[in-house]
Each structure stands twice: as C-alpha cells, then as structure tokens.
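Engineer: Attaching a single structure in structure tokens format; questions to follow.
We did not get these values from a lab; they are worked out from the coordinates using the rules stated. What you are looking at is a predicted structure, and each value in this text was computed from that prediction instead of being measured. Note that we place each Cβ from the backbone using ideal geometry, even for glycine, and neighbour counts take in every protein chain shown.
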Amino acid sequence: MALLKLQFPLQRRVRLAQSLWLLSWLAVLAGAFTFSLGVYLKTELLRRAEVMDNTEIHVVPNILMLVGLITIGINLFAGRVCQDSLDSARFPPWKPFLLPWYGLAWMVCVWLLSAVVLSYALQGHLEESLKVGLRNGIRFYRDTDVPGRCFQKETIDRLQMELRCCGNTNYRDWFEVQWISNRYLDFTSKEVKDRVRSNVDGRYLMDGVPFSCCNPGSPRPCLQNHLTDNTAHYNYEHQSEELNLYNRGCRQALVDYYMGLMNTIGPGILSVISLQMSVLVSLRYLQTSLDGVDPENPEADSEGYILAKGVKETMMDVKNTMFKLLQFGQVEAGDEAEAGADGEKAATSS
Amino acid sequence: MALMVVKFDLKKRVKLAQFLWLMYWFSVMAGVLVFSMGLFFKIELRKRSEMMDNNESHFVPNLLIAVGLLACGINALGGKICYDSLDPIKFSRWKPMLKPFLVSCVAFNCLLVLTALLCFLMRIPLQFTLAEGLKNALRFYKDTDTPGRCYMKRTLDQMQIEFRCCGNNNFRDWFEIQWVSNRYLDFSAKEVKDRIGSNVDGKYLMDAVPFSCCNPGSPRPCIQYQVTNNTAHYSYDHHTEDLNIWKRGCRDALISYYGGMMNTIGALVLLVAILEVIVMIGLQYVNTSQCNLANPEDPESESEGWILEKTVKETFTDIMDKMKAMSKGNAVEEGGVDGVATVS
C-alpha cells in the first residue's frame, strides 16, 4: 500500500514541475539567506572574542554557513532536474542521482534543526566562557604596558559603555581587583601604603570603578570613588542610589544579547527547513509520477507517491537489503577462510 | 542648421525607445533615492535638534524630499511617453504635450543643480546654529530637575561619548560653567564656599570635566578632576597628556559629521541631474524622430532626429524675439484700447 498516493494527469504534472521550479529558486534564496545569517552571527561572536574564553559556541554559525552553501547547491540541482523533467528524453540521465539527493536534502534539514537546538543548548557553555573571559579582562585591565594585553582596558571600557553594564556579575567585581597600574601610584604617600598593606597580596584595592561604568542617565554627575562610603559625598546613600552606575553585569548583558540574536534567527531557520522539506516532497512526487508514465502514451495519467510501500514495509526492505549485503560479505569471507583451510590441509598432507 | 542631427530607421527608433524606457525606470529609482536621502537627513537633524539653536532651518532636507517626489513623477510620465512612442495612434495624443514637458524637464534639471549647490553650502549656517545650540546645552547640563531640560545631561553625555568630543570648542568650555547642580553641593563645606566666593556670579566653577569626556584609549584611568593641576596626580603633566580626555570640540565633530553627509548627498544629486539630462536629450530625439518621418503615411520610413531645430545662437535669438513680440503685442493692444477710448 503506497504512502500518500495521488493521481497525476498531464496538466497536474506540468503544474507540479513549474511550481517545483519556482520553489527550488526560492529555496536557493533561502540557502543564501542561511549562509548570510551564519556569517552575521559569526562576525558578532568574533567582535567580542576578546572576552570569551573558548570558541565552542562558534559551532552554530559554522553549521549555518556550511548548510547554507549545501542548500544552494542541491536546490540549483533540483531546479535543473525539474526543468528537464517534462522532456522524456532529458529526464532519465538524472534518475540515478535522485536517491542520494533525497539523502542529502534530508541531512540538510536535520543539520539545520540541530543548529537551532544547539543554539539554545550551548547557552550554559557561552555563559561559562564569558565568565572566564570577563574575569581575565578585568584582571588585566591595568596592564596597558604589557604586550598582548595593552588593549584590554580599551576593550573593557568600550564593552561597558556600549552594552551599559559594569563588571562581571555586577560593579562590586571592580572592588576585588587592582585596576590602577602601579605606574600611576605614588608609593611614597601614606594612603597608598595603607591600602597596599591592608590585604595579603599587596594590591591597591579600593571601592571605586572605572569611568565606563557611569550611567549618563543619572541626574547627578557620576560618582566613581568611595562608592560604599555615604559620608564621602553630599546627599548620597549607596543602598538607594540606582542610576549612578550601570546595575547590570556584563556577562548577563552579553548572554542576553546573543540569546536575543539566536531567538531572531530561530524562526528564519525553521522556515528554511519547511521550504526545503516541501521541495523534497514535490520532487519525490514528480519523480514517481514520471516513472509511472506509460512510454507508449506519454500524456496519460499516472500515480505519484512518497513511498512505494508503507513506512514499516520500506524499513523492513531496507533492513533486509543491508542484511544481505552483510551476509554477502560474511559468506565471501567464510569461503575464503575455507579455501585457506583447505589449502593448509593440502599443504600439511602433502 | 539643426544641432546634432542623427538619422533614424525604424529599428533604431525602436531600440532608442526601449533603451530610454529602461533609463526612465532607473531615473524613477534615482528619484526614490533622492527622496529617501532627504528623509534620512531630516531625521538626523531632528535627532540632534537639542544641540541646535531654535531657528534651525530644515529647508534643504525638505527641498530634497520635494525634488525626489517630483523626479519620480516626471520620470514615470516620461517612461509612459516612451512606451507609447512606437504606436503612432497613442503617440499622437502625447504630441501636443511634449514641448511643454521638455521645457519643464529643463527647469527641473536646473532645480536639481541648485539643490546640489545648496547641499554643499548648508555647512555655513549649520556652523552658527551649532555654536549657539551647544553653548546653551552646556549651560543646561546641570538642570536635571527642570522640566523641559531634564534630559539635556543624558543627551550631551551620550553625544560626547558617541562623537568622541568634549565641550563646544574644546574641554576648557566646561571650566567656565557650573555643571554640578546646587542640589549636590554641600554649602556648609569650606571648599564650596571658597569656590563660590571666588567669582562674581557665585558659580561653583572648577577645572574638571564630566565623565563622558574620558578617552577609553588612555593607558591610565581617567583623570576628570583637577585636570590642569599637575601636582594633584602622580606622574601627570597636563601639557603633554594627549590621551586622557578628548581634545576635539563637539562643534567641530558635528560639523564634520553633517558636512560629510551633505557632501555625499550633494554629489549624488549631481549624478542624478546628469542622468536626467541624458534622458531628456533621449526624449527630444524620440520626439523629433517621430515627428519628422520622411513619408508621413508610412510609419516604417526613415527620419531625422535632432536636439535643437536651429543652432544654439539662433534658438536663443528666436526666444528673445518671441518675448519682445509678446511684450510689444501687449503695448499695441493697450495703445489701441486707449485710442478707441479717446476717439469715442
């Protein structure tokens, strides 16, 4: 019992071929769209590569780019096939390529779906990577004279200003790090000596943050130093002061930004998957309906289906074919072994 | 002696009409482009309208929008005329309109060139507008509790961060105004009383700048307060310190931003004007070649096309004579009426 059988008179076949041609060109555009989405996502991830520790998340845009190119290729092929499909002389050469084409189209859909799933599944990894990257960025903020790290300060400052965030989890991360280089500290002054001695590692720690944490929307000029000391500033209470600095941590800001990107890309990819599936189904119908055409009477009706037998029977058939191939391999090996054993017996007996 | 005569057989006429129809569609798109550039420019001016004086003029973007719409209309009409030119019946309906249409095309091209010129010249009034507007903006920086001015601080901070500039002419503009609101000054402290007593107006002036003047590319954490006092900071010399705060003034930054935009728009409008001249000449050829068939009954005969029927000088003297005749005709009519009145 064939799966989803449909009748195809000549007119319907012609219309199927024409609409498939249009669909395949739309699918080519969809493939280009997928590729460009992959490129865009990759550039966005590369822009902040300095605050990321590893590149695991890059697997999502890489899949999108690769699958986009493959989609363009297979849909150009599909367009060519259906252009030749109504000419009974030009169609047969394409027939042997169709089965691998179905496999490839099916794989494309699976990969796209996996890219969407991965983009949500890897959120935890992204957060970990950002945690480590930002921690290092904050620790090396002051090393503007160390080659390889001299741009950390500018990177972190621009990141905090663009994303409106401060520190890793929040602004208190700056209190635990010495973010002023020793070159700009006067070690003869009492204040500096007191602070350096007040902790085990001899670091100059203070309850201050860099200027890039300042919120322009605050009604009062930015307070950067002595943040936890209410008496240091007039009319200031640090527990209730909300607008002075950015409250959000940069890790949360970056994760939100990238998850927002993935959420926007998700529906686009799902529509590309559905387009590719419709091209696959249409091509299958076209192929089976053309196969069923009587060569004597090319304008007669024919039947088209997705699978020649039901799903279960097709699976059994595939299993049997594979079994036979394996058995064939085993029997050949068994024959050789017997022939080898015979040969040895003959050798020992002679 | 006609100007630039070209012989046309049927095939050439058809090709000319088809090519010109395509060119008219490009011109319609060019008109859409001019319209959208005018719209973009208007939005950009509106975005920074707080930094500008109240009498800022939106004349140039409005003109660009109007010219863009007019270009779309004229070119669509020209395309329709070209499309109909190969059918003698349809073309005969358009014939009486063609001469006035071509004259209006000439006027429109002059308008396009004028618009481009205005785009290049708009920099000058903009400079004055921005100087005045920024001076006021700096003065209202502290008024975050005054309705109508409460967002000035945020706007100015964001602008200084985005355009990488500080103050009006340079960072010293901040030294001359009080940018810390009285709400946050402790008037019982000695330091505050000293500073207020030190100047005539009783303003709290200091040699400090807001945080938005800080340059992230500086190797040391930003020095905002006591900027001109070398002893206040370790290893600091404000004469040689280049990277600490932005050196450029915001007026210069905004002028170069808008100036670049206007130069690009002006250049594009000039290119559109050149395109319009080309299609106008093409339409004149279509017109003259269709009107001068060697054999009026046979639509497939050869014909000649030209840009002007006589040479430029002769056409010019013709126009002057016509204008003189028109003004003389009025004078004669009036004289006749007077004569009749006196006689009767």
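Engineer: When the Cα centres of the range B:38-94 and the range A:15-50 are compared, how far apart do they sit, in Å?
Structural biologist: 35 Å
Engineer: Using a 7 Å offset from the Cα along the Cα-to-Cβ direction at both residue A:187 and residue A:14, what is the distance between the two label points in nm, to one decimal?
Structural biologist: Result for the modelled spin labels: 9.2 nm.
Engineer: To test your reading of the geometry: what angle, between 0 and 90 degrees and rounded to tens, separates the Cα axis of helix B:10-47 from the longest principal axis of chain B?
Structural biologist: 20 degrees
Engineer: Same structure, new question: Across peptide A:208-220, what mean number of C-beta atoms from other chains lies inside 10 Å of a residue's C-beta?
Structural biologist: That works out to 6 on average.
Engineer: Which entries in the list B:7/B:90; A:42/B:142; A:5/A:324; B:42/B:142 go over 31 Å, if you measure between the two C-alpha atoms of each? Working shown, then result.
Structural biologist: Details: B:7/B:90 23 Å; A:42/B:142 43 Å; A:5/A:324 29 Å; B:42/B:142 29 Å.
A:42/B:142, as the Cα separations exceed 31 Å there.
Engineer: Rank the residues B:43, A:306, B:89 as a footprinting-exposure proxy: fewest other Cβ atoms within 10 Å of their Cβ go first.
Structural biologist: B:89, B:43, A:306
Engineer: I want the local charge near residue B:94. Using Cβ-Cβ distances under 14 Å, sum +1 for each Lys or Arg and -1 for each Asp or Glu among the other residues.
Structural biologist: +3
Engineer: Out of B:240, B:219, B:189, whose Cα points farthest toward the positive end of the dipole of the range B:124-241 (charges: +1 Lys, Arg; -1 Asp, Glu; placed on Cβ)?
Structural biologist: Value: B:189.
Engineer: For each of B:81, B:223, count neighbouring Cβ atoms within 10 Å of the residue's Cβ, then give the residues from fewest to most.
Structural biologist: Neighbour counts put them in this order, fewest first: B:223, B:81.
Engineer: So in chain B, which Cys have no other cysteine's beta-carbon sitting under 4.7 angstrom from theirs?
Structural biologist: Unpaired cysteines in chain B: B:72, B:82, B:105, B:110, B:119, B:150, B:291.
Engineer: Enumerate cysteines in chain A without a disulfide-compatible partner, where compatibility requires another Cys Cβ under 4.7 angstrom.
Structural biologist: Unpaired cysteines in chain A: A:82, A:109, A:150.
Engineer: Now for a separate question. So what is the 222 nm mean residue ellipticity for chain B from helices alone, if each DSSP H run of at least 4 adds -39500 (n - 2.57) and you divide by all residues, rounding to the nearest 500 deg cm²/dmol?
Structural biologist: Taking each H run of at least 4 residues, the total per residue is -21500 deg cm²/dmol.
Engineer: To continue, here is another question. Quickly work out the residue B:69-to-residue B:2 label distance, labels modelled 7 Å from Cα along the C-beta direction, and quote it in nm with one decimal.
Structural biologist: 3.9 nm
Engineer: Putting +1 on Lys and Arg Cβ atoms and -1 on Asp and Glu Cβ atoms, find which of B:77, B:114, B:161 reaches farthest to the positive end of the dipole of chain B.
Structural biologist: B:161
Engineer: Take every residue in peptide A:142-150, count the Cβ atoms of other chains within 10 Å of its Cβ, and give the average of those counts. Intermediate results must be reported in sequence, preceding the final value.
Structural biologist: Details: counts 3, 1, 5, 1, 0, 0, 0, 0, 1.
Neighbouring Cβ atoms belonging to other protein chains average 1 per residue here.
Engineer: Based on a Kirkwood Rh over C-alpha pairs, give the Stokes-Einstein translational diffusion coefficient of the range B:171-247 at 10 °C and viscosity 1.306 mPa s in µm²/s.
Structural biologist: The calculation lands on 116 µm²/s.
Engineer: Return the FRET efficiency for the residue pair residue B:261, residue B:29: r is the Cβ-Cβ distance, R0 is 25 Å, and the value is rounded to the nearest 0.05. Write out the running numbers ahead of the final one.
Structural biologist: Values: r = 21 Å, r/R0 = 0.83.
After rounding to 0.05, the efficiency reads 0.75.
Engineer: How large are Rg and Dmax for the range B:1-80 when only the alpha carbon atoms are used, in Å?
Structural biologist: 19.5, 63
Engineer: Return the calculated 222 nm mean residue ellipticity for chain A, to the nearest 500 deg cm²/dmol, obtained by summing -39500 (n - 2.57) across DSSP H runs with n ≥ 4 and dividing by the residue count.
Structural biologist: Mean residue ellipticity, 222 nm, calculated: -21500 deg cm²/dmol.
Engineer: Now, a different point. Helix B:59-84 versus the longest principal axis of chain B: what angle, 0 to 90°, nearest 10, using Cα atoms?
Structural biologist: With both axes taken from Cα atoms, the answer is about 30 degrees.
Engineer: To continue, here is another question. Please determine, in degrees from 0 to 90 and to the nearest 10, the orientation of helix B:123-139 with respect to the longest principal axis defined by the Cα atoms of chain B, where the helix direction is its Cα long axis.
Structural biologist: 30 degrees
Engineer: Provide a whole-number value for the mean count of partner chain Cβ atoms within 10 Å of the Cβ atoms in peptide B:212-225.
Structural biologist: Mean shielding by partner chains, rounded to a whole number: 6.
Engineer: Sticking with this one: How many nm separate the modelled label positions at residue B:187 and residue B:322, each set 7 Å beyond the Cα in the direction of the Cβ?
Structural biologist: Inter-label distance under the simple model: 7.9 nm.
Engineer: So if the hydrodynamic radius of the range A:171-247 is defined as the Kirkwood radius over C-alpha pairs, what does Stokes-Einstein give as its diffusion coefficient at 20 °C and 1.002 mPa s, in µm² per second?
Structural biologist: Answer, rounded: 156 µm²/s.
Engineer: If I require 27 Å or longer along the helix axis, counting alpha carbons, and a Kyte-Doolittle average no lower than -0.5, what helices from chain A are left? Use full DSSP H segments.
Structural biologist: Long hydrophobic helices here: A:10-47, A:59-84, A:95-121, A:250-291, A:311-349.
Engineer: Give me the Å³ per residue figure for the convex hull around the C-alpha atoms of chain B.
Structural biologist: In chain B, the Cα convex hull volume per residue is 267 Å³.
Engineer: How big is Rg to Rh over the range A:207-341, alpha-carbon atoms, Rh as the Kirkwood inverse-mean-distance radius?
Structural biologist: Numbers: Rg = 35.7 Å, Rh = 23.7 Å.
For the range A:207-341, the value is 1.51.
Engineer: What is the distance in Å between the Cα centroid of the range A:177-204 and that of the range B:251-327?
Structural biologist: 77 Å
Engineer: Any idea what diffusion coefficient the protein assembly as shown gets from Stokes-Einstein, in µm²/s, Kirkwood Rh on alpha carbon pairs, 4 °C, 1.567 mPa s?
Structural biologist: Stokes-Einstein gives a translational diffusion coefficient of 38 µm²/s.
Engineer: Then there is this: Magnitude of the Cβ-charge dipole of the protein assembly as shown, K/R +1 and D/E -1, about the Cα centre, nearest 20 debye?
Structural biologist: Using only the charged Cβ atoms, the result is roughly 1180 debye.
Engineer: Summing Lys, Arg as +1 and Asp, Glu as -1, what charge do residues with Cβ under 14 Å from the Cβ of residue A:307 carry, residue A:307 excluded?
Structural biologist: Details: positive: A:5, A:284, A:309, A:312; negative: A:291, A:303, A:313, A:317.
Net of charged neighbours comes to 0.
Engineer: Pairs A:190/B:203; A:193/B:190; B:47/B:153; B:12/B:95: which are spaced more than 23 Å apart, C-alpha to C-alpha?
Structural biologist: Cα-Cα > 23 Å for A:190/B:203; A:193/B:190; rest within.
Engineer: Can you tally the net charge around residue B:250? Count Lys and Arg as +1, Asp and Glu as -1, for every other residue whose Cβ sits under 12 Å from the Cβ of residue B:250.
Structural biologist: Residues near residue B:250 contribute +2 overall.
Engineer: If r is the Cβ-Cβ distance from residue A:306 to residue A:158 and R0 is 51 Å, what FRET efficiency results, to the nearest 0.05?
Structural biologist: 0.40
Engineer: Work out the FRET efficiency for residue A:90 and residue A:110 from their Cβ-Cβ distance, taking R0 = 30 Å, and round it to the nearest 0.05.
Structural biologist: Step by step, r from the Cβ atoms, then E = 0.45.
Engineer: State the percent of C-alpha pairs, over all pairs in chain A, separated by a distance greater than 24 angstrom. List each step's numbers first, then the result.
Structural biologist: Values: 43692 of 61075 pairs.
Percent of Cα pairs beyond 24 Å in chain A: 72.
Engineer: Relative to the present Cα-Cα distance, how much length would full extension add between residue A:207 and residue A:237 at 0.36 nm per residue of separation?
Structural biologist: Here the segment from residue A:207 to residue A:237 would lengthen by 9.4 nm.
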